[in-house]
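Here is the structure we will look at.
The values are calculated or read from the model by the stated rules, or taken from the named source; none is laboratory data. Everything numeric here is computed off the predicted structure, so don't read it as measured data. Neighbour counts are summed over all protein chains in view; Cβ atoms, including those assigned to glycine, are modelled from backbone coordinates with ideal geometry.
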C-alpha cells in the first residue's frame, strides 16, 4: 500500500464545487430544432448546472397530455443521441477538453424502458432520485400550464423551479400565477 503524506495549511478548506444542480428538459422533442437544443445548452452553462437531462416523452404520455401525434419514441431518441454526439464531437475538435463548460448532457431513457404512459409525478420522482439537486424543470409554457393543473403541482413546485422556454402567449393557470416566484423565462 502506497501512502503519500500531504500537508495543508491550518484551516484549509477544499474549494467548493462551482457547478451544481440539474436542469431537466421535459418535452416530446418533436418540434425542437437544433438551435433550440443549443439554446438549452447555453442556458444550462450560463446558470452553471452540473447536468442537463433531456427527458423525451413516450407517445402514450404525449397522447394523454396533449392529444397530438408524434414520431415514435425511438426515432426522437435517436435524433437526440445523434445531436449529442455531434455537439460533443464539435466541442472536442475545437474545445479545451473539459466538456461543454463542465456540463454533462444525459438523454434519460426511463420512458423507453416503461413503454407506456408515465405520469409527470413518477418521472420527477425518478429524476430526483437519480440526479443531484437543485432541480430546474425546463418546459414550454403550454406544458407548464398542464403541469399546474395536476393535483401534484403544489407538492413539486416547492422542490423544483420551472424554466419556461419562452414567454407565455396564453393565459396562465391560476396556480402558476400563485407560484410566480418559483418560475422564470429562460434567457431573461
Scan segment 69-83 for residues that are touching a residue at least 12 places away in the same chain (Cβ under 8 Å) and surrounded by fewer than 17 Cβ atoms within 10 Å (Cβ to Cβ) and report the count.
4
Within segment 125-159, take every residue that is under 16 Å from residue 179 (Cβ atoms) and in contact (Cβ under 8 Å) with a residue 60 or more places away in the chain and give me the one that is surrounded by the most Cβ atoms within 10 Å (Cβ to Cβ).
137
Give the residues of segment 31-71 that are closer than 18 Å to residue 146 by Cα, modelled with pLDDT of 90 or more and assigned to a loop (DSSP other than H, G, I, E, B), sorted by residue number.
57, 58
Identify, from the list 51, 46, 75, the residue that is out of contact with any strand residue (DSSP E or B) (no Cβ under 9 Å at 6 or more places or on another chain) and closer than 19 Å to residue 135 by Cβ.
46
Which one of the conditions (1) touching a helix residue (DSSP H, G or I) at 6+ places or on another chain (Cβ under 9 Å); (2) part of a helix (DSSP H, G or I); (3) in contact (Cβ under 8 Å) with a residue 24 or more places away in the chain does residue 26 fail to meet, given that it meets all the rest?
(2)
Are any residues in segment 165-188 within 23 Å of residue 36 (Cβ to Cβ), more than 19 Å from the chain's Cα centre (by Cα) and surrounded by fewer than 13 Cβ atoms within 10 Å (Cβ to Cβ), and if so, which ones?
169, 170
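Tell me which residues, restricted to segment 1-23, are assigned to a loop (DSSP other than H, G, I, E, B) and under 30 Å from residue 79 (Cβ atoms). Talk me through it step by step, then tell me what you get.
Filtering segment 1-23 for residues assigned to a loop (DSSP other than H, G, I, E, B) gives 1-21.
Across segment 1-23, the qualifying residues are 19, 20, 21.
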Selection from segment 42-58 of residues that are surrounded by 21 or more Cβ atoms within 10 Å (Cβ to Cβ) and under 17 Å from residue 87 (Cα atoms):
44, 52, 53, 54
